[in-house]
Every structure is written in C-alpha cells, then in structure tokens.
Amino acid sequence: MADSAAATPPRQEEILRGGTTIGYLERASVTLGILAGFPGVVAVVVALKGVGRFTELATPAARERFIVGTMASLLWACAVAGVIRLAIW
C-alpha cells in the first residue's frame, strides 16, 4: 500500500493567469458602466469572463476560485459606483 501511494505524483493546482489585470479591467468597466447608467454592463462582463475562462475551469477548485473572485470583484465595483453616485448627488 505504501508503495502505490508514494508512486502517485501529487496533484498540481491549476493557476489562472492574468487575474489581476482582468480584475482591474472588470471593476473599472462595471463601475463606469453603472455610473453611466448602463447596469447591463454587469451581465456583459460576467458573460465575457465566462467565455474567456471556460477552457481553464476544468477543476472544481478553479471554478470555485473563479466564482468567488468574480462575485467579490463585482460587489466591490457596485459599492464603489454607489458611493460615487451618492457623493455626486
């Protein structure tokens, strides 16, 4: 038993590349879209991210990281847009 466990290579986690840059662009797009009066930009951004990352989301860990990161990023962008909108009014 110990020999078969030692022979199995450890599973390597998949790392999604470009996440920081995509995150900045996503938050800027959503914030500016909401401020411009086009809240549908949220759906467009989510669709583009899903299509762009579809092939890289093979593992459950990658999918979970993608969903949590996207939700956190969108909530942050909506909050910033809301604060800016309140400050302007």
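Key figures for this structure:
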read-out: Those trypsin sites (Lys or Arg not before Pro) in the range 13-89 that DSSP places in a loop and that have at most 13 other beta carbons within 10 Å; value: 17
read-out: R0 of 41 Å, Cβ-Cβ distance residue 56-residue 88: FRET efficiency to nearest 0.05; value: 0.60
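None of the figures in this text is laboratory data; all of them are computed from the coordinates on show. Since the model is a prediction, treat every value here as computed from it, not as a measurement. Reconstructed Cβ throughout: ideal geometry from the backbone, glycine too, with neighbour counts over all protein chains shown.
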